[in-house]
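Coordinate-derived values only; no laboratory data. Keep in mind that what you see is a predicted model, and the values were worked out from it rather than measured. Methodologically, a virtual Cβ is constructed for each residue, glycine included, from the backbone with ideal geometry; neighbour enumeration extends over all protein chains shown.
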Amino acid sequence: MMQNFSFHNPCQIEFGEGQIAKLATLIPADARVLLLYGGGSIKHNGVYDEVASALSQHHWQAFAGVEPNPEFETLMRAVKFAREQRLDFVLAVGGGSVIDGAKFVAAAIPHDGDCWLIIGNRVPLKTALPIGVVLTLPATGSESNFAAVISRRETNDKLSFKNPLVFPKFAVLDPKTTMTLPARQIGNGVVDAFVHTTEQYLTYPNGALLQDRLAEGILQTLIEIGPITLAEPNDYNARANLMWAANQALFGLVGLGQPQDWATHAMGHELTMLHGLDHAQTLAIILPSLWRYRFAAKQAKLAQYGRRVWQLNGDDKVVAQEAIAKTEDFFQRMGLHTSLSAYQLDATIVADGVAEQLTRHNRLRLGEHLDLTPDDCRAILLTAS
């Protein structure tokens, strides 16, 4: 039976080539803008110049250096800079990490108290600065949701927070900005969007027929265009569909009324923090192993997924098993490994470390039935060797 739900997404999306110019009117004329970005690729692919041109009549200042897993210490330097310069609007130009960082910065600038407590929703937020986004790396969907994940290396923490106050006011999605991305980032983006979708879909039959088909449509789209995005970087249609599929994967509609299973992400965050793997790399390793470990509980939905998404035939058990193998093969075609040993990691060390971190972070009951313990997670990682 479909679960009760409510839905609200206030983000205005401007999609297509040339839409960056709309920043001139999307941001209030009197705003004092903090332009937040990452390692500097936007200065080489023309995006920085496009943004600067669009903001030519605005007061704006830039802060660079947000990491692929945004670090609390770096973001606090951005907070200090913005406070000193009296900036009151945050514009994130980049991928999910920059956007997540912008959400934290927007919440932290007016916050009175320990800003680390924002992470994990340990303190209520009274206000946040408005946020806008120019997306350059499709993957997380962070441009139109209110969640963020922040790391703090000195304490080995990678934790999330959610708050409607940090919904971006708008997001500019120009597929042309993705055409110079390295293959590794595109492959990561496809897999990240894929796993976002499956964690809201691949649990147990629940009567949410439309949401199931929304998920299956996103997965089929990613399977179709994923290899094209790698083989033909200048294929605008493939890049546009990737950008939109990644957005819709975590836009909020797929999971409405559905049981959800974010155990793969919970383990993946700890694996990234402890061993430095890309976020999507951790997902590609963990998801198939989790499906095999939870096979009996997920068999019905795995079989549905196999038939509808991969067009497999046979009895439920065979189709479900083949669907897992097809998924692993797809991840590998996108350039990601599906075992810890492929990254020269010892499964026992990884499994022990992740289980310890999950316990420390009180992630004691994961999965759609809230019955997956840190010991179960340890067992899953041991099978991912």
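With an 8 Å Cα cut-off and a minimum separation of 6 or more residues, compute the relative contact order for the chain in percent.
15
When a footprinting reagent is the concern and you count Cβ atoms within 10 Å, what order do E143, E67 take, fewest first?
Lowest to highest Cβ neighbour count: E67, E143.
Please report the relative contact order for segment 183-383, taking Cα pairs under 8 Å with a sequence separation of at least 6, and give it as a percent rounded to a whole number.
25
Find the centroid of the Cα atoms in segment 11-67 and in segment 83-112, then give the distance between the two in whole Å.
13
Could you give the Stokes-Einstein D for the chain in µm² per second, using the C-alpha Kirkwood radius, 25 °C, 0.890 mPa s?
So the translational diffusion coefficient is about 116 µm²/s.
Using a basic spin-label model with each label point 7 Å from the Cα along Cα→Cβ, how many nm lie between R83 and D49?
Distance between the two pseudo-spin positions: 3.7 nm.
If you wrap segment 183-383's Cα atoms in a convex hull and average its projection over all directions, what's the area in nm²?
10.5
Once you have the Cα-Cα distance between S56 and D235, take 0.36 nm times their residue separation minus that, and quote the gain in nm to one decimal.
Numbers: separation 179, 0.36 × 179 = 64.44 nm, distance 3.08 nm.
Computed gain between S56 and D235 is 61.4 nm.
If you build the Cα gyration tensor of segment 167-230 and take the root of 5 times each eigenvalue, what three semi-axes come out, in whole angstrom, biggest first?
25, 16, 10
Cut-off is 10 Å between beta-carbons; in what order do D261, D235 appear when sorted fewest neighbours first? Walk me through the numbers before you get to the answer.
On the way: D261 27, D235 16.
If I rank by nearby Cβ atoms, fewest first, I get D235, D261.
Report the residues of segment 271-305 in range of a label on Q3: point 7 Å along Cα→C-beta, backbone N strictly under 11 Å from it.
Answer for this model: none.
Where Lys and Arg each count +1 and Asp and Glu each count -1, what net charge lies around H265 among other residues with Cβ under 11 Å from its Cβ?
With Lys, Arg at +1 and Asp, Glu at -1, the net is -2.
Can you give the net charge of the other residues whose Cβ lies under 9 Å from the Cβ of L173, counting K and R as +1 and D and E as -1?
On the way: positive: none; negative: E14, E143, D174.
It works out to a net charge of -3.
Once every Cα of segment 95-195 carries one equal point scatterer and solvent is ignored, give the base-10 log of I(q)/I(0) from the Debye formula at q = 0.12 Å⁻¹, two decimals.
-0.42
Using every Cα-Cα pair within segment 284-385, state what percent have a distance larger than 15 Å.
The answer is 64 percent, as a whole percent.
Considering all projection directions equally, how large on average is the shadow of the alpha-carbon convex hull of segment 12-177, in square nanometres?
For segment 12-177, the mean projected area of the Cα convex hull comes to 8.6 nm².
Taking 7 Å along the Cα-to-C-beta vector as the label spot, tell me the M76-L364 distance in nanometres, rounded to one decimal.
Label at M76, label at L364, 2.9 nm between them.
Round to the nearest 10 and give me the degree value, 0 to 90, for the angle of helix 96-108's Cα axis relative to the longest principal axis of the chain.
60
Work out, step by step, the length gained on full extension between T383 and Q311: first 0.36 nm times the residue separation, then minus their alpha carbon distance; give nm to one decimal.
Stretched fully, the T383-Q311 segment lengthens by 23.2 nm.
What is the fewest-to-most order of T272, T327, T383 by other Cβ atoms lying within 10 Å of their Cβ?
Values: T272 21, T327 27, T383 15.
Taking fewest neighbouring Cβ atoms as first place, the list is T383, T272, T327.
Say each of A21 and E67 gets a label point 7 Å from the Cα, pointing the same way as Cα to Cβ; how far apart are those two points in nm?
3.9
Tell me the angle of helix 263-275 to the major Cα principal axis of the chain, expressed in degrees between 0 and 90 and rounded to the nearest ten.
For 263-275 against the chain, the angle is about 70 degrees.
Using only Cα atoms, find the angle between the long axis of helix 209-231 and the longest principal axis of the chain, and express it within 0 to 90 degrees, rounded to the nearest 10.
80
What lysines sit close enough to K169 to cross-link, taking a C-alpha to C-alpha distance under 26 Å and skipping anything fewer than 8 places away on the same chain?
List returned: K22, K43, K80, K103, K126, K158.
For a distance above 17 Å, tell me the whole-number percent of Cα pairs in segment 129-255 that qualify. Mind showing how you got there, number by number?
On the way: 4795 of 8001 pairs.
Value for segment 129-255 (Cα pairs over 17 Å): 60 percent.
If you find the alpha carbon centre of segment 312-364 and of segment 182-241, how far apart are they in angstrom?
Value for the Cα centre distance between the two parts: 18 Å.
Counting other Cβ atoms within 10 Å, keep those with at most 11, restrict to DSSP loop, and tell me which GluC sites (Glu not before Pro) in segment 310-385 are left.
none
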